Every structure is written in structure tokens, then in C-alpha cells.
Protein chains: 2
Amino acid sequence: MPPGPAVSAQRRDTAGARGAVVRAEALCEEDNDPRSLPGASASLHPGGKGAGGGTRRSTAPNVPSAFRSMGTAMPPSRWTVAWLLLLQGCSMGCSQPAASPRTDIRDCSVDPPYLPPTATNSSAQLSALRDAMRARNIHAYIVPSTDAHMSEYIAERDARLGWLTGFTGSAGTGVVTEDRAALWTDSRYWTQAERQLDCNWELQRTTWIESIGTWIVEVVPAGGNVSLDPFLFSIDTWHSYQRALQGFGITLLPMETNLVDQVWGNQRPPPPTSYIYSLPEEFTGSSWQEKVARIQQQMEEHTRSPTALLLSGLEETAWLFNLRGDDIPYNPVFYSYTLLTTTNISLFVDSARLTAEAQQSLLSGCPELCVELRDYGQVSAHLRHYAQGNVTIWLGTEYTTYGLYSIIPQEKLLEDSYSPVMLAKAVKNAKEQELLRAAHVRDAVAVIQYLLWLEKMVPQGKVDEFSGARHIDALRWAQQHSRGPSFESISASGLNAALAHYSPANGSSRQLSVDEMYLVDTGGQYLDGTTDITRTVHWGTSTPLQKEAYTRVLMGNIDLSRLVFPSDTAGRTVENFARRALWEVGLNYGHGTGHGIGNFLSVHEWPVGFQSSNVPLTAGMFTSIEPGYYRDGEFGIRIEDVVLVVEAQTKHPTGEKPFLTFEVVSLVPYDRNLIDVDLLSQEHIQYLNAYYETIRAHVGPELQRQQLEEEYQWLQRSTEPFAQSNAASTTASMLLITSLISVLLAQLQA
Amino acid sequence: MPPGPAVSAQRRDTAGARGAVVRAEALCEEDNDPRSLPGASASLHPGGKGAGGGTRRSTAPNVPSAFRSMGTAMPPSRWTVAWLLLLQGCSMGCSQPAASPRTDIRDCSVDPPYLPPTATNSSAQLSALRDAMRARNIHAYIVPSTDAHMSEYIAERDARLGWLTGFTGSAGTGVVTEDRAALWTDSRYWTQAERQLDCNWELQRTTWIESIGTWIVEVVPAGGNVSLDPFLFSIDTWHSYQRALQGFGITLLPMETNLVDQVWGNQRPPPPTSYIYSLPEEFTGSSWQEKVARIQQQMEEHTRSPTALLLSGLEETAWLFNLRGDDIPYNPVFYSYTLLTTTNISLFVDSARLTAEAQQSLLSGCPELCVELRDYGQVSAHLRHYAQGNVTIWLGTEYTTYGLYSIIPQEKLLEDSYSPVMLAKAVKNAKEQELLRAAHVRDAVAVIQYLLWLEKMVPQGKVDEFSGARHIDALRWAQQHSRGPSFESISASGLNAALAHYSPANGSSRQLSVDEMYLVDTGGQYLDGTTDITRTVHWGTSTPLQKEAYTRVLMGNIDLSRLVFPSDTAGRTVENFARRALWEVGLNYGHGTGHGIGNFLSVHEWPVGFQSSNVPLTAGMFTSIEPGYYRDGEFGIRIEDVVLVVEAQTKHPTGEKPFLTFEVVSLVPYDRNLIDVDLLSQEHIQYLNAYYETIRAHVGPELQRQQLEEEYQWLQRSTEPFAQSNAASTTASMLLITSLISVLLAQLQA
């Protein structure tokens, strides 16, 4: 699954997508990622996990205009001359699909307004919130879409924006005043917002905090108060609001009482009560004591000598203590904070939920390394007390709320973008690498089973997007160590795949057909690792444009995967190798190219990947590589693999840090039916053939072990080596012909 | 000439190189650019422009270890199989040059310290400065290397750091306390610093302000005062010092009296008195009134409705008013500030220096658009007065000092990284493009004359680096509209080219020889445009490694030059296309890949280029593309062209902004002797042949017009098309062979 859009100066807690980042290169980022995050797509299900009320259905896709390209379908050609002619083409016949009247979105310009059945009546919620605002003399209240841990995915009880607005996209900001209400979200969600909002809400099609500030300044009188819950906003976002409102006589008031929670009242989903458990030792890279010792060593060695490290990210505490829970769908984490000092460890969590083994594990380091369990709700008070001493508190600003941050006096702060725990987690040790590799072998089995099953079932008209998604989920569950999908399966046929954040709903999903392309983006949680893979297939005859686009997406995937680059290269500076083959003919995609992934943790594991806030690539990191191409109203393509950053063998070895490259650990062949071999270079073909040999070597034995003979045969067929392209085959022919000439000459002489 | 290192979180006014940038991607930037800025290399000349005293000479080069690569020279091979074998190579015989005792650098560990003749005795300067510090109770004083306009190049009277330390590198920071003194600079200048500093100075081999802060905190007692001249530091740098020193009981005091200037006294070079003149209309893209009107329109349309725009960058005022001067070597600018309000224009300049025509031009807009001339020294007072009103002042933080910035109340500020003038200047209009193209045609004539001259003279042993540099400077001066070189010519033979910021000195420069590679990086100022081009040549037999490296540098130049990319792509995200061919075999270069360039302005024109602070690429921008490869103690390669960003014709046209590509405007062929055609792809060869046709079409007629017949013949020889590579020639052979077989078969049948 692709990362969220690499928006600039926007963060998880703003209108920008979660997973987005700080200090981006301001003008050089796409903000048009059409991919979903699970929270968003879940909302399209009747009875799904979305917080809003009304009936929902999935309808025709709509892709932001930034992705549209108007090229026409071209016949493929084997010959260079023909290609050159084609380069002149498309001056005629490049038609766009005709617009049809829309009944799936609201129309607030008519009287009475037209609302689709997917819209939520928000009047009661707004009225209650406004009462609460008046009681506190608040003129505007800002509601974000994240939780107190800056989580990318959130639990239902944190879906405040969804409850208030009906909008269940994963990224957005709502602002409510006495008589107006507006929602800001990025282009991925504009159509969804028009389907889910009623006419109480203005939709603002941008995500810049400056824009939110400008709107507030226009509607709030001078002397007015604007408020928000500082425990739901990042430090940077808080400062951005401050800057946006300064000089207008408006006061920005942080208020610990969350007004939405107050009016949501007992309708708000309760805190989770499920177990928090220890990950068995066989699935951990090192003990929590070892991890803690390494972090404490970093604290000692730091020039600022921090006395404590504050961890707010849910992944951070889960990883550090080798604990897991299930507080957030698809993410085995649990509500928690950690304050790790040089002398002791405070874990803020609902301790009643810890299993006996987990409690035992946390006590096993005593008395040297004791974990003190404290109430989750006590973190602010404890931090306030601790910060009174002669201390220096280290924290990662990316995962810390302004609320916690503002408790600590400025001179006692040591700030980095990411905590040392986040950075340690990003680089997998040898055991963690082996665990993740092993998970990918079993995951490949499930995906191969699914692809073979589709080959048989689709021509019989027996599969739709929803039943397909359910089937692959079931196949994953059947694999050893499975803990289910790592995000809601994206299963999209034909034009639905162009709306790349589409997940199907039962009863309304599209039937899979040999006449359409099908995109399946899924992943699994296993005790040994998290997986994420996308394959796009066609069981019939693709159009020339589909085949060209697929091949160019594949070329991009290969060009980046086989790249050799210096150690510590920033992913952002190489991700365009995955786009070059598309760019060459005027095509592109609007989302990021990859994201880190965890060992039974998050499917989007920051700060690894190819976006501007990601840290430099280092041996031991895992990231996805996933270029795509999306054509509004027609089809969508994405080819996603997870790769491991490894040392490269170069002709000229450097005396310093070795160069790096990627090793692909996703082990499922691509659809031969969609590859135009004539577009590939020699290097592409060599790479593909080597990759297919790797797949055979690793997945073949596992298929046999699982007695999946038919799948084994399918794998052999699907990984037949590709013939070398013209140049090489010409050389071979030359040798043959030379022999032939010798024979002829001999005959002549005879 | 390459841009300075793309250092992160470092700026022109810090130890980092000038031309460096803010908000960089923190961990992903090189800070190892071995290239010089003119100010630095000039210092190696006896009697040169360096401010320090002692005799200077150029000695053996030294490249930071980050650039060393240990591959050995390999025999070349025409055959793939041989190449594959070579990939295994270099496991033995990869020797490094033996270290020899150094007499060119200081040795402070012996008693008495060893000082080379290039070192400056700084005792008197330090003593005077310390007296001044004591008089004001200052415990540490910080001295930067830039001027009050954050200029990349500075005039002698601004070379405060050079006067104080003897160090004349273009980037550095000095800090002096009661009993210690330290200089921070980046790896380009470590060797130079060891040659120029005496043992009064510690050399700190880093450029992070945090490191400077840590040092200060260690040596300054709690309660101590640290001071600096706020009119020589950027806003960001000031804040960085504040952060670095906070919490240690040390006060950071801005002090308008510059203590270095005070003790430098009447030895300090006086302000310039030369004329400031109007650029003739034929050399301007539009009148200053049109430029001002467009900027004022942007002010009106801005949501914050700024009432004034403050311009501190010397290029900004020069460009806006179509004025030029010569206050800074190689840069036709003059000391000035501009405050452009919605109702009037204040130009702060020594008005006595304006020519009558310039005065006339500035008055020509009256009474609607009047330029009020004010004393250069009045800018602070005027700004202070203006800022008392109900105003909003727009400024670009990159070129504004903290001194000016702090005059404006926070709520009256509108900050961007770059002013709208800087951004307008970056995109050349049609006329400016034509002017720059024309300058490059004449510039190509001079370079071609030089290359032919070298071909004849070098085998006779008649050229050294210095006389070569003088000759190409003279050839440029002879071209129409010439105003001399745009930076100090880099003319480096053999191992000197590995020290890429090497400029030769008379009497000590290396003789050019058919046994060595030679790198020449030069540029010209013409009334119609600024140029910058690097060619590397070899008149004899290159080693296999030299040829491979040269070819791969060329491949990188081509790969980036022919790239097709979406509009608004950030240069930083595509610059690695220029490195891929080198990376593939474990090679790299440590500097940026390109920089903007002006119309008779700066040879490094920000914010255009491929570094992280550069703005996205837009049609109409000019930038250099200049990959290289440097091998310590052996040779250096760089191939630099200036290119124009143009719209691309793609197979699939987009409905939105067109895709872009580059058009090369530098028009000088590459050295065929150094190109290994077998490494090139079909696309490379096609590209080269098309480029050579362009050179013939544009430069051929100009050579004939200038009656340079021998050069014309040289150009024809040097731009012969390359044969298509194996694949194509194989296809041709196939056709021949097929015919042959037909004949043979016919004979057989006969």
C-alpha cells in the first residue's frame, strides 16, 4: 500500500494525509495521492468501521485531475522506426470520457439541497458542539483527524472528525464557528467528502494551514477565541496556527477538555479492554532489555546528555518492549507512553490489560532495569513533575503532541524529528531481516494461491471485488503465524482501480472479468513480519495503452530496485528512477513511491521510504517500491514489492562506506500477459530473469512443503525466463548464421 | 562552475559554503564539494586578491577522503564478457599513493610550531580584537565570511575573516575568545586552512552551528557574553546560535559596531567609487518600470497585502532596476538595498556613483513611479521609521540579515525564503532567453579557439595552467559584449584537477602535457549573458579508468540533460540521474550538480538548480548540469553545460501543465579521445549526434563570420556523428550477411 501523499509543511494532525511529514521541500511535493488508508476505505462499507451513520455504497471512481492524462491508446510496435513515428502521435483522437450527471454527491446549490444517501446529517452534532463552545466563549473550534499519538491509523473512539462531520477520510481538519463549519482535505478525498458531508459543511479543497488560518480570520471577529485540544496537534501544527492567526487580534487557546468528546458523551466508543501481550522471543530481534540498554547508551553519549527520553508513538513503545495489542485496526499496537530515564523506566498503559507473561517480562529486568507501570492518563502529570527537576528531556517532534511538549520548559528540551527509538526500529538486525524474509515467503504462497484461483474463477464470472478480497484475506489467515491483513484489502477491477483508494463493499462491488484489468493491493500481519504487495493482472486482451503503461510501471519498479547508490542517500532523491520510464512518454503517478514496513507492526513504518521527511537509506531498512499509473474512468495499475536495503558489489570498491542496492523480498511473479518485452532493455530482462530464479528458489520449496502442487506448476510457468531482447538474440542469430555461412562456403568449395 | 556544497541547515553566513541553503533535508546532503569559489582560489596567488599577508603558493592537491575511491586502473574491453569478468576485478593491486612528509601545511604539535610560508601571522590582529572585546566585556566574538547582503562572493573590504585569520576560503566561521581562537570550515578548505592559519587558530573540521555552540559553551564561562554583528548573519543563523547557546547562562548580544572593522581601521579597503550604470535596453528583458509594476501587482494580489518589499540581495536591486556596477570581483553588482512600497521606491545606494544615464533612467518613471535615492547607510534608520506605520513588510529570509529583520515588528513581517524579485529573476522571458543563447554562441567560439590552441601548443610544451587560463580569458575578452570572466578560471592539469577548487598561480603552475588530463572550468560575463562551461580533455593516451570515468560522467550529463519530467519538479529529486552511471560501478562526486545563471549577473544565480533549497524547475530557467569524478592525487573530470528548461513533446500529452526537458545552450563538443562508445546506449549516441548537429548549426556560422576557418574545420572534425552502438551496427551487419547468404544460396543452387 502506498504511503500517504508527501505533502509539504503538513502533518498527520492537519488536513494533510497522515503519514505526511515536516520540513518538506515546499514546492516539490505531490499532494495528490489517490491511495486510501484503511480508515478511509472502511467507511465505504455498510456496517463497516466508519464512525458516521448513513448507508454507504461505493460508486464510480473519481481521480483528481492532477492524474489525468489524455493520451490515446496506441498500437504497440516492435520497430524503432515505428516508435519514432508514434512519438508524433495523439494529435487527434485523444478524447476524454463524457461527464454524466452525478447523483452520488451532494448539491448544495439547489433548494432544498440534494444529498446522496451516503451523506450524514450533522445538525445535532454541530448544535451540541456550538452549545459547548458558547459556554466557554470559543468562537472557532478546530478538530483534527489523528489521535493523541499522531497515529497514522486511528481507533473508532478517536474518529472525532468522522463523528462530527460524517466524513471518514483518513486526513482532514474541521473548523466550526457559531454559524459556519468547514472541512479541509486533500484531493484524494474530495469526492468522498462530497458524498459524506451534508450542506452544513463547506468543503475546502486544500490542506494548507495558512488557508485554514485565512478562513478563520475572515469569520472570527477580532478579539475572538479559537480553541483546540493541544493533545491532538503536533508541535509544528500548533506553531503554524499561531503564525497564521498572529496579528489579527485573535487568541489561540489550547484547552485540555476536548469539546467533541464532551458532546459525544457516552456514545463515544469506550477504551479498549483486550489483552496486551509479549511477542514470543523467537519473533523478536533482541530483548527489550538490550534495546533499552542501547537507547540509554545513546543518551549517555549524546553531547546534551539527556536525562530522559519521552516516547509518544504507539509503535515506539510496542517495539521497545516487544509488546503487542490490537487497539487500532490492522495495527498491533496499544495506547501507551514511555518515559525512559537514565535510571528508570515508566510505562504509561492500562496495566490491567497486560497478560501475565507481559507483566512477567517487564519485571524480568529488576532490580537493575525495572519497568514501572503507571496509568495511561497520568502521563501529563508525571511529566510535569519530572520536568521540574534538573533534567533534559529528549523527544521526537514528529510523534509528540503540542500538549505534552508544552509541559516541558524550553531549556530542558532536546528535540529531534524522530526519537532514537524510531531510528533504531527503522534498521532491522540480521534476525529481524530473516523474520521478515520468512513472512514474505509464506505471504507469497497466499498471493500465488489467490492469483491461480482468480485465473480459474474469473472466466466463470464467479468473483467480484469483495469476494476476491475476502478470499485473499482467508488465504493469508491460513498461513502460519498469521494475524490477519495488515490493512483493508484493496481489490479493484477496471475503472475502480483508477480510484486507487478504493476498497470494495459487499453487494455493490464490481464483478471481475477477463475484459478488465484488476489491481489487488494487500498485506498480512504475521508474528514474524508485516507484508504489503500489489499485483495488477489482466486475464484477457489488454489495450495497447494498458500494456505500455503496465510495462513502464514495471520498468520503473525495476529501475529503482536495481539502482546502486551511495550509503546514506535520501530516498527522495532517487525515487524518480521509478518514474522515468513513465515520464518519458508523458505519464506519471501522483503518490509516493514507497514506505517502510515493520516486524509485526505497521504497514507504513516511518521514517523509512522515499518521501522528503524520510531518513537516508541504510543497509537493513525495508521499504516498499510501488510505482503506478491511473487513468480516470478506465483503469489503474500499481506494482508493489517490499525490498531490503543491502550492500552492493561494485566494480570499483570504495574505501569508505559501501554502496547500497535493494534486494526484493516480495516473491510473486508479474503478469506476463501485460509485459511488452520490446520496451524492456537488456538490463531489465536480466533483472527479471534473476528475480524469477529467486522466486523459484524461495517459494517453490514452500509451495511443495504445503503440498500446493498446482500452485507450484503455476509458479514454474509464470517464472519462465524471458528471451533476451533484440540485441542479444541478434548476437545469437549472428553466431548461427556465421556457422551457416561456413557450411555454405565449405559446400561451395567442395 | 559547480555550486557550493548543498550543506544542510547551514547558510552563506555560517561556516558552510556560500550558496548553501536553508531547510535542507538534514541527513541527505553532501558537504564535501571540492570546488572553489573564486574568493578562495584567488588567495593562492602571490599578490592576488586574498586579504591575508604572507607569500602564497599552490602545492600538491588534496581531496577530502570522502571522494577517494580505491579502484585500480583496468584495461578497457570491447566485449561484454570481458566486462563481466572485469566486474570481479580489483581484488588485488588496488594500491593507494604513498603518503609523503608534508611541508605545505602547519604542524602545531612540534616546538616551535612548523609554519609553511603560506601561513599568516595573526597575533597582531587577534591582540587588537581581544582588546576591543575586553573593552566591551565580550567573552567570545563570532566572525562570518559573508557580507551584509548574504553575498556568495564578497569584496575585499568584507573579507573580515580573511584579514583576521589569514584563511581566504570562501566559507568559514571564526570565533575568538580571551585565550582561544577557532575556525570552522567544510572539507573543501581543510587543507587550505592548514596552509594559511598559524597556530593561534584551532581548525574545526565541521560546519554545524551546534558544534560552534558546543565549543563556545565549553570555553565561555556561565554569565559570559557572546557577540556578533547582526548585519552579517542571516535570520536562521542567528536563531541557530540562540538555540545552541540557550540554557547555558550565556548571553548572545547583537552589536552594531563591528569589532573587526574597528580594529582593522584605516587598513580596511575603502568603499568602491566606480560607476554604477544602466544596462542598455537591448540587453534587458524588460524595463525596470515593467518589472516594478509586476512586483507591485504581486503585492496587491497577495492575501497578506504587504505594503512594502525589502530587497537586500545585491542581484535583486541590480536586476530590478537594470543597473550594474563592479563592487564585487566577477559580479557586476553594487552595494545597495531597495524598499519598494505600494506607493514609492527607495533605492539605498551611493548616488554619486550613478552615471548620468542611470540617474536619468531612475527618474524616467516620475511622477507616477519615482525612485527616491537614499544613502546606502540609511537603510536601517529608514526601515525603522517605515516599520512604525500600519505596514506589512515582505522579505526573502535567504538574503536578509538578522540585523535588518529584527528592526521590523514580528506582526508586520511577511516572510518567504526568496523575495518575489528573486523568483521573477529566475525565470527568463523570451528576450532574456535569446540574449543568453547569443552569449553562449560567442562564448563557444572562445572555448573552441582555446581547445584548438591547446591541441597545437600543448605537445610543444608551451602551456602551463596559468598561461592557459590567461589565454582563455583573453579569448573571451575579444568576443563582442565581453565584460571579462564570470569567475576566476579553473585551469587544472593532472592531479591538480582532483583538487577541483584549484586555480593556478603564475610561476608555480603545472605544465600541460599530452600525458595528463586537463580540466578547464571557465565562464564569461557578456552584456547579454553570463556563461559557465567545463571541458576535460586528454591529448595523449588516457588510462582505462580515466576513459571509463570520463564516459560515465558524460553519460550522467546526457542522462540528466535528456530527462523528460513533469512541470514543477524539484531539481534535487532528479539530479541523481547525473550520477547513476557512476554509481553503477561505485564512483561518485561530492558536489552539487548544477546552479542557475544570470543575464550579465551572477554565475551562481539562486534559487535555480539541483540543490535542496532550489525552487522547482520551470520553463525559462537556466541551470548548469555538471557531473564530475575526482581521484585524489591522479586526475579530475568535470563536464559542465548550461541548459534551458523547455517544454517537452511527449507521446501522451497531458491535459495539464506540459512536461519539461532541457535544451543545452553551451555549444562546445566533448573530447572524443576520452569517450568509450561501447559504454554508451543507443539513446546516448542519438542524443550526442543531435547535440553535435546543433553545435554545427549555431556555432559554425559564427566561426565563419569571425573568419576562424581553422576553428571551423576543427569543429567539423570534432562533431562528426558517432556510429550507432553494437545493436544497431549488428542489425546492419545482419542485413549484409543476409544478402551474402542469398548470394551464396543462389550460387549453390546454380
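Tabulated results
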| read-out | value |
| --- | --- |
| Cα-projected label distance for residue B:222 with residue B:704, points at 7 Å along beta-carbon direction, nm | 8.2 nm |
| Loop GluC sites (Glu not before Pro), the stretch B:365-473 (other Cβ atoms within 10 Å of the site Cβ: 16 or fewer; DSSP) | B:368 |
| Probe 1.4 Å, all protein chains present, accessible-area order of A:423, A:252, largest first | A:423, A:252 |
| Long-range HN-HN contacts of residue A:279 with modeled amide H, under 5 Å | A:323, A:324 |
| Derived scalar couplings ³J(HN,Hα) [the stretch B:347-364; Karplus, 6.51 cos²θ - 1.76 cosθ + 1.60; whole Hz; x for Gly, Pro] | 10, 8, 7, 6, 5, 5, 8, 6, 5, 4, 5, 5, 4, 4, 4, 5, 8, 5 |
| Using a Förster distance of 41 Å, the FRET efficiency for residue B:515-residue A:663 (Cβ separation, nearest 0.05) | 0.40 |
| Taking the stretch B:244-381 and dividing mean pair separation by its residue count, relative contact order in percent (alpha carbons under 8 Å, at least six apart) | 22 percent |
| Inter-chain Cβ neighbour average for residues A:242-249, partner chain, 10 Å | 2 |
| Calculated label separations, residue A:540, copies of the chain, 7 Å along the beta-carbon direction, nm | 7.1 |
| Protection proxy ranking of A:379-389, A:604-614 - average other beta-carbon atoms within 10 Å, highest first | A:604-614, A:379-389 |
| Label 7 Å beyond Cα on the Cβ vector: residue A:280 copy-to-copy distances, nm | 8.7 |
| Nonlocal amide H pairs with residue A:601, under 5 Å, H built at 1.01 Å | A:530 |
| Where A:539, A:208 fall by accessible area, highest first, once all protein chains stay in place (1.4 Å) | A:208, A:539 |
| Sites residue A:381 and residue A:410 - FRET efficiency at Förster radius 25 Å, r taken between beta-carbons, to 0.05 | 0.80 |
| Within 10 Å of each Cβ in B:570-580, the average number of Cβ atoms from other chains | 6 |
| Pair residue B:683, residue A:646: separation of 7 Å Cα→Cβ label points (nm) | 2.6 nm |
| Average partner coverage of A:644-652, which counts Cβ from other chains inside 10 Å | 5 |
| Inter-label distance for residue B:262 and residue A:363, nm, one decimal - labels placed 7 Å from Cα along Cα-to-Cβ | 6.8 nm |
| Euclidean distance of C-alpha centroids, the stretch B:439-516 and the stretch A:533-587, integer Å | 44 Å |
| Tensor-based shape of the stretch A:238-396 (alpha-carbon gyration tensor, a/c under 1.5 rounded, otherwise prolate or oblate) | oblate |
| Using a 7 Å Cα-to-Cβ projection, residue B:461 label spacings across copies, nm, ascending | 9.2 |
| Cross-link pairs beyond the 32 Å C-alpha cut-off, checked among A:547/B:547; A:462/B:651; A:657/B:428; B:425/B:657 | A:547/B:547; A:462/B:651; A:657/B:428 |
| Among A:239-248, B:337-346, the order from most to least packed when residues are scored by Cβ within 10 Å on average | B:337-346, A:239-248 |
| Rounded accessible area of residue A:456 (nearest 10 Å², 1.4 Å probe) | 90 Å² |
| Trypsin sites (Lys or Arg not before Pro) within the stretch B:283-316: DSSP coil, no more than 13 neighbouring Cβ in 10 Å | B:304 |
| Phi-based couplings in Hz for the stretch A:705-711 (Karplus 6.51, -1.76, 1.60; Gly and Pro marked x) | 4, 8, 6, 9, 5, 5, 5 |
| 3J(HN,Hα) from dihedral phi, the stretch B:291-306, Karplus parametrisation 6.51/-1.76/1.60, rounded to Hz, x for glycine, proline | 4, 4, 4, 5, 5, 4, 5, 4, 5, 5, 7, 5, 4, 8, 6, x |
| Overall form of the stretch B:533-692 per C-alpha gyration tensor (a/c, 1.5; a/b vs b/c) | prolate |
| Neighbourhood net charge (13 Å Cβ-Cβ; Lys/Arg +1, Asp/Glu -1) for residue A:675 | -1 |
| Area of residue A:366 that stays accessible when all protein chains are in place (1.4 Å probe, Å², to 10) | 50 Å² |
| 5 angstrom amide H check on residue A:354, placed H, neighbours 5+ away | A:276 |
| Share of pairwise Cα separations in the stretch B:284-363, more than 21 Å, in percent | 28 percent |
| Gyration tensor (alpha-carbon) shape descriptor, the stretch B:95-221, a/c threshold 1.5 | prolate |
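The values are calculated or read from the model by the stated rules, or taken from the named source; none is laboratory data. Quick caveat, the model's predicted, so the values are computed rather than measured. Counting neighbours? That spans all protein chains shown, and the Cβs are built from the backbone with ideal geometry, glycine included. The area values use the complete protein model at the heavy-atom level, side chains included, leaving out ligands, DNA and RNA. Shrake-Rupley method; radii C 1.70, N 1.55, O 1.52, S 1.80 Å.
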